[in-house]
Amino acid sequence: MQGIVSGDNRFSRLVYVWRVRWKVRARNLAEFWRDLRGRPLALLGGVVVVLYILGAISAPYISPHSPTQGNLRYRLRPPAWQEGAEPGYYLGTDDQGRDLLTRIIFGARVSLLVGLLSVGISVAIGTALGALAGYYRGWLDQLLSRFADLLLAFPFLIFAIGMMTFLGPGFTNLIVALTFKGWVEFFRLVRGEMLAEKTKEYVEAAKVVGQRDWAIIASEVLPNIIQSVFVLGTLRMGFMIIMEASLSFLGLGIQPPTPAWGSMVSVGRDYMLTAWWVSTLPGIAILIMVLAINLFGEGLRDILDPRLRVE
Amino acid sequence: MRAVKILERVLITIPIMFGVAVVVFFFMRLTPGDPVDIMMGQAGAVSTGEIEQLRREFDLDKPLYMQLWLFLTKAVQGDLGYSYTQKRPVNELIFDRLPATIELAGGALFFSLVIAIPIGIISAVRQKSLVDQFSMAGAFLGTSMPSFWLGIILILLFAVRLGWLPVQGRITYGINLEYVTGFYVLDSLLGRNWPALVSSVKHLVLPSVSLGASVAAIVARVLRSSMVEILRQDYVTLARAKGNREFLVVMKHALRNALIPTVTVVGLQVGSLLGGNMIVESVFSWPGLGRLVVKAIFERDFPLVQGAVMIYAFTFVIANLIVDVLYTYLNPKITL
């Protein structure tokens, strides 16, 4: 009997398990890639998002001008294709003579960072709490679920505005306000999935084998849920970016002179009659980014988790 | 039986509203320092005696749980506190502005349903047609567009460039209107004041479109997908086989059931109407609650912001209650 569980054997079994897992992963990835290529719009969305990310990372190197230092001599110059444009300022300038293209490129940093961080933290908190609540039930579940219901009684933007008013504007507070309500959706998703998965045989089997609770949650159940979480996270990104832009538009989010698309649109409102580009162009940047994220997200959903399809 | 279920559902909203009030109360505690410090910061030189007096006036000298208790009991009585800047009770200020906000939200809801329902039906019936592809692309665009930007683009296009519609406000300056309800469209109808009616409707169009666009987009998508599913069902085939006209089959047999998920979505979208309200009102200088709040935020008039956030949340809770009750009538199978 001893020979079966000898150290050597155990090791080779582990290697075998990992090799199988790796092969499954690789096959899934290849399959995923094939599915994605079959959805040109989703692929396009993905490519655009990658371009935005590359642009945001390399902003200081590819921007023609400074994002915060303007030249008042060149204020409110129109884009290159209009009469009166200043050479070198392709998308025109704003009220302080700053290059609009530069500010739009730098603005992508704020939007992407807020989107990634707020969704990332929401996913982490929501998944952890949802898994615990769904697995253990009991008072923890009751407490968290009631709190989630309470947060759902607030419209998202109203809650964020309320919180930002009292916290005060700024990047950290913005993330706090967005995640304070953002985790709820992930909590509900993961909790529901956990409740469904918990009754399945493989969980029973893991229990019988004597696995600990945290090991069952983390390495047995969560890998089966994570795809749905990933899909929902992608779809929520666009929403969070619009929320950030809306808060910045109201003056509650990112503060000037840091370029954020929402506040750029807001500034342009004062010059609407004479300089249409100041608010129109940053808005187009938001629109394209959110559109791309949503296209990619919906493609991802169709591939990974078609059940989520009907809203 | 249904009445009991509905009553139960109504009663559930009470603890939720209570919870909302508690959360809103704690918002105030997020600020560093207390409100009096902030007021004094604005007022300039004041004596410590005056500060103490103000603290007493706002109950800030009492322990936290007492403050919470006072806040809640006052809120139940409809007393939401006193605005620092306007020197008037918050509930008065809010109720003054409410008709304008409700008119705008109503306009937006009307616009979104009038657009979304026919589009949803036609797209589902004529799947993969040009109309379907075009409107679904439009709907996708609508969900990805920030409302403040759409508002600005609409102003640039229809007000500045074409001059068809006004840039801002609720009614053209100088038109006399007798205010009865505070809803300008309704008031001008009641008074048979046609110039006022034309003017107030014209003013309502652009804000309603920018507020309602995303709602329209989502409703159209949901209605389409549920219609597509339902048109495949056996009972729809049966209705057709019985020789009913296609129009009747779609409008009566299919639409009724497809509306069920749609109503839920509309209920949830009331939340985005309320949130978008602040944004759109600031874009169009619409004299409603949203603009009042945005102004209050910058003047750090906390009781006003607090009261308004609470009213917005209550409205959302009640909207969802109405949706759930409506649900039982649309689908008798569902018990709340």
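Among B:S135, B:S144, B:S129, which is among the hydroxyl-bearing types (S, T, Y), under 30 Å from B:A254 (Cα atoms), over 20 Å from the mean Cα position of the chain (by Cα) and crowded, with 19+ Cβ neighbours inside 10 Å? It would help to see each step written out before you state the result.
Details: B:S144 fails: over 20 Å from the mean Cα position of the chain (by Cα); B:S129 fails: crowded, with 19+ Cβ neighbours inside 10 Å.
Result: B:S135 is the single residue among B:S135, B:S144, B:S129 that is among the hydroxyl-bearing types (S, T, Y), under 30 Å from B:A254 (Cα atoms), over 20 Å from the mean Cα position of the chain (by Cα) and crowded, with 19+ Cβ neighbours inside 10 Å.
Select from region A:183-192 the residues that are within 14 Å of chain B (Cβ to nearest Cβ) and either under 17 Å from the mean Cα position of the chain (by Cα) or crowded, with 23+ Cβ neighbours inside 10 Å (or both) and list them in ascending order.
Residues of region A:183-192 that are within 14 Å of chain B (Cβ to nearest Cβ), as a first pass: A:184-185, A:188.
Listed by number, the residues that qualify are A:V184, A:E185.
Taking A:P155, is it touching a residue at least 40 places away in the same chain (Cβ under 8 Å), within 14 Å of chain B (Cβ to nearest Cβ) and not charged (D, E, K, R)? Spell out the reasoning first.
On the way: touching a residue at least 40 places away in the same chain (Cβ under 8 Å): no; within 14 Å of chain B (Cβ to nearest Cβ): yes; not charged (D, E, K, R): yes.
No: the conditions fail for A:P155.
Among B:S208, B:S282, B:S199, which is the only one that is in contact (Cβ under 8 Å) with a residue 12 or more places away in the chain, touching a Ser or Thr at 6+ places or on another chain (Cβ under 8 Å) and of a type in the set (G, A, S)?
Numbers: B:S208 fails: touching a Ser or Thr at 6+ places or on another chain (Cβ under 8 Å); B:S282 fails: touching a Ser or Thr at 6+ places or on another chain (Cβ under 8 Å).
When all the criteria are applied, what remains is B:S199.
Looking at the structure I just gave you, is B:T237 under 30 Å from A:F156 (Cα atoms) and out of contact with any Ser or Thr (no Cβ under 9 Å at 6 or more places or on another chain)? Steps first, answer last, please.
On the way: under 30 Å from A:F156 (Cα atoms): no; out of contact with any Ser or Thr (no Cβ under 9 Å at 6 or more places or on another chain): yes.
No; evaluated as a whole, the condition is false for this residue.
I'd like the residue in region B:68-94 that is among the aliphatic types (A, V, I, L, M), in a helix (DSSP H, G or I) and in contact with a helix residue (DSSP H, G or I) (Cβ under 7 Å, 6 or more places away or on another chain) and, out of all such residues, is nearest to B:L289 (Cα to Cα). Can you show your working first?
Kept after step one, since they are among the aliphatic types (A, V, I, L, M), are these residues of region B:68-94: B:68, B:70, B:72, B:75-76, B:80, B:90, B:93-94.
Remaining after also requiring in a helix (DSSP H, G or I): B:68, B:70, B:72, B:75-76, B:90, B:93-94.
Now restrict to residues that are in contact with a helix residue (DSSP H, G or I) (Cβ under 7 Å, 6 or more places away or on another chain): B:68, B:72, B:75, B:90, B:93-94.
Working: B:L68: 25, B:L72: 22, B:A75: 18, B:V90: 11, B:L93: 9, B:I94: 6 Å.
Restricting to residues being among the aliphatic types (A, V, I, L, M), in a helix (DSSP H, G or I) and in contact with a helix residue (DSSP H, G or I) (Cβ under 7 Å, 6 or more places away or on another chain), the top hit is B:I94.
Residue check: is B:T315 of a type in the set (S, T, Y), within 10 Å of chain A (Cβ to nearest Cβ) and at negative phi?
Numbers: of a type in the set (S, T, Y): yes; within 10 Å of chain A (Cβ to nearest Cβ): yes; at negative phi: yes.
Spelling it out, B:T315 is indeed of a type in the set (S, T, Y), within 10 Å of chain A (Cβ to nearest Cβ) and at negative phi.
Can you spot a residue in region B:123-131 that is farther than 23 Å from A:S279 by Cα, in a helix (DSSP H, G or I) and within 14 Å of another protein chain (Cβ to nearest Cβ)?
At the first step, the residues of region B:123-131 found to be farther than 23 Å from A:S279 by Cα are B:123-131.
Those still in the list that are in a helix (DSSP H, G or I) too: B:123-125, B:130-131.
Cutting the leftovers down to within 14 Å of another protein chain (Cβ to nearest Cβ) gives us B:124.
Yes, because at least one residue in region B:123-131 is farther than 23 Å from A:S279 by Cα, in a helix (DSSP H, G or I) and within 14 Å of another protein chain (Cβ to nearest Cβ).
Within region A:90-103, is even one residue in contact (Cβ under 8 Å) with a residue 60 or more places away in the chain, away from chain B (no Cβ under 11 Å), of a type outside the set (D, E, K, R) and outside any helix (DSSP H, G or I)?
yes
Looking only at residues in region B:267-297 that are within 16 Å of B:E103 (Cα to Cα), more than 10 Å from chain A (Cβ to nearest Cβ) and not hydrophobic (A, V, I, L, M, F, W, C), which one is farthest from the chain's Cα centre (by Cα)?
Per the criteria, the residue is B:S285.
Test B:P118 against the criterion of being within 14 Å of B:L292 (Cβ to Cβ) and either part of a helix (DSSP H, G or I) or modelled with pLDDT of 90 or more (or both), and give yes or no.
Judged against the criteria, B:P118 is not a match.
Suppose the filter is in the same structural domain as A:V123 (by TED's automatic domain parsing), closer than 19 Å to B:R221 by Cα and over 12 Å from the mean Cα position of the chain (by Cα); does A:L252 pass it? Outline the logic, then answer.
On the way: in the same structural domain as A:V123 (by TED's automatic domain parsing): yes; closer than 19 Å to B:R221 by Cα: no; over 12 Å from the mean Cα position of the chain (by Cα): yes.
Considered against the rule, which asks whether it is in the same structural domain as A:V123 (by TED's automatic domain parsing), closer than 19 Å to B:R221 by Cα and over 12 Å from the mean Cα position of the chain (by Cα), A:L252 comes out as no.
From the set of residues in region A:244-253 that are surrounded by 24 or more Cβ atoms within 10 Å (Cβ to Cβ) and not in a helix (DSSP H, G or I), which is farthest from the other protein chains (Cβ to nearest Cβ)?
Residue satisfying both the conditions and the ranking: A:G253.
Inspect region B:181-194 for any residue being touching a Lys or Arg at 6+ places or on another chain (Cβ under 7 Å) and more than 14 Å from chain A (Cβ to nearest Cβ) and give the result as yes or no. Don't jump to the end; show me each part of the working.
So the first thing to find is which residues in region B:181-194 are touching a Lys or Arg at 6+ places or on another chain (Cβ under 7 Å), and the list is B:184.
Retained after the next criterion (residues that are more than 14 Å from chain A (Cβ to nearest Cβ)): B:184.
Scanning region B:181-194, I find at least one residue that is touching a Lys or Arg at 6+ places or on another chain (Cβ under 7 Å) and more than 14 Å from chain A (Cβ to nearest Cβ), so the answer is yes.
The rows are residues; the columns are (1) surrounded by fewer than 19 Cβ atoms within 10 Å (Cβ to Cβ); (2) assigned to a helix (DSSP H, G or I); (3) within 13 Å of chain B (Cβ to nearest Cβ).
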{"position": "A:M194", "(1), (2), (3)": "no, yes, no"}
{"position": "A:Y202", "(1), (2), (3)": "yes, yes, no"}
{"position": "A:W214", "(1), (2), (3)": "yes, yes, no"}
{"position": "A:I288", "(1), (2), (3)": "yes, yes, yes"}
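How many residues, within region A:158-168, are under 14 Å from A:S248 (Cα atoms) and more than 7 Å from chain B (Cβ to nearest Cβ)?
Adding up the residues that qualify gives 3.
Could you say which residue among B:R232, B:R256, B:R240, B:R192 is assigned by TED's automatic domain parsing to the domain that holds B:A100, at positive phi and surrounded by fewer than 22 Cβ atoms within 10 Å (Cβ to Cβ)? Outline the logic, then answer.
Values: B:R232 fails: at positive phi; B:R256 fails: at positive phi; B:R240 fails: at positive phi.
The match here is B:R192.
Looking at region A:48-57, can you tell me whether even one residue there is of a type outside the set (K, R), loosely packed, with under 12 Cβ neighbours inside 10 Å and modelled with pLDDT of 85 or more? Give the steps one after another, and end with the answer.
So the first thing to find is which residues in region A:48-57 are of a type outside the set (K, R), and the list is A:48-57.
Those still in the list that are loosely packed, with under 12 Cβ neighbours inside 10 Å too: none.
Checking region A:48-57: not a single residue is of a type outside the set (K, R), loosely packed, with under 12 Cβ neighbours inside 10 Å and modelled with pLDDT of 85 or more.
Condition check: of a type in the set (K, R), under 23 Å from the mean Cα position of the chain (by Cα), part of a helix (DSSP H, G or I) and more than 14 Å from A:L132 (Cα to Cα). Does A:K207 satisfy that? Spell out the reasoning first.
On the way: of a type in the set (K, R): yes; under 23 Å from the mean Cα position of the chain (by Cα): no; part of a helix (DSSP H, G or I): yes; more than 14 Å from A:L132 (Cα to Cα): yes.
No.
Counting just the residues of region A:261-281 that are facing chain B (nearest Cβ under 8 Å) and assigned to a helix (DSSP H, G or I), which one comes out farthest from A:P78 (Cα to Cα)? Talk me through it step by step, then tell me what you get.
Here is the first cut: in region A:261-281, the residues facing chain B (nearest Cβ under 8 Å) are A:262, A:265-266, A:268-269, A:272-273, A:276, A:279-280.
From the residues that got through so far, the ones that are assigned to a helix (DSSP H, G or I) too are A:262, A:265-266, A:268-269, A:279-280.
On the way: A:G262: 20, A:V265: 15, A:S266: 18, A:G268: 13, A:R269: 15, A:S279: 12, A:T280: 12 Å.
If we take residues in region A:261-281 being facing chain B (nearest Cβ under 8 Å) and assigned to a helix (DSSP H, G or I), then A:G262 is farthest from A:P78 (Cα to Cα).
Quick one: B:I322 ticks every box in (1) part of a helix (DSSP H, G or I); (2) at pLDDT below 85 bar one, so which box is it?
(2)
Quick one: B:R300 ticks every box in (1) assigned to a helix (DSSP H, G or I); (2) more than 15 Å from B:M17 (Cβ to Cβ); (3) within 10 Å of another protein chain (Cβ to nearest Cβ) except a single one, so which number is it?
(1)
The values are calculated or read from the model by the stated rules, or taken from the named source; none is laboratory data. Bear in mind that the values here come from a model prediction, so they are computed numbers and not experimental data. Cβ coordinates were reconstructed from backbone atoms using ideal geometry, including for glycine residues, and neighbour counts include every protein chain displayed.
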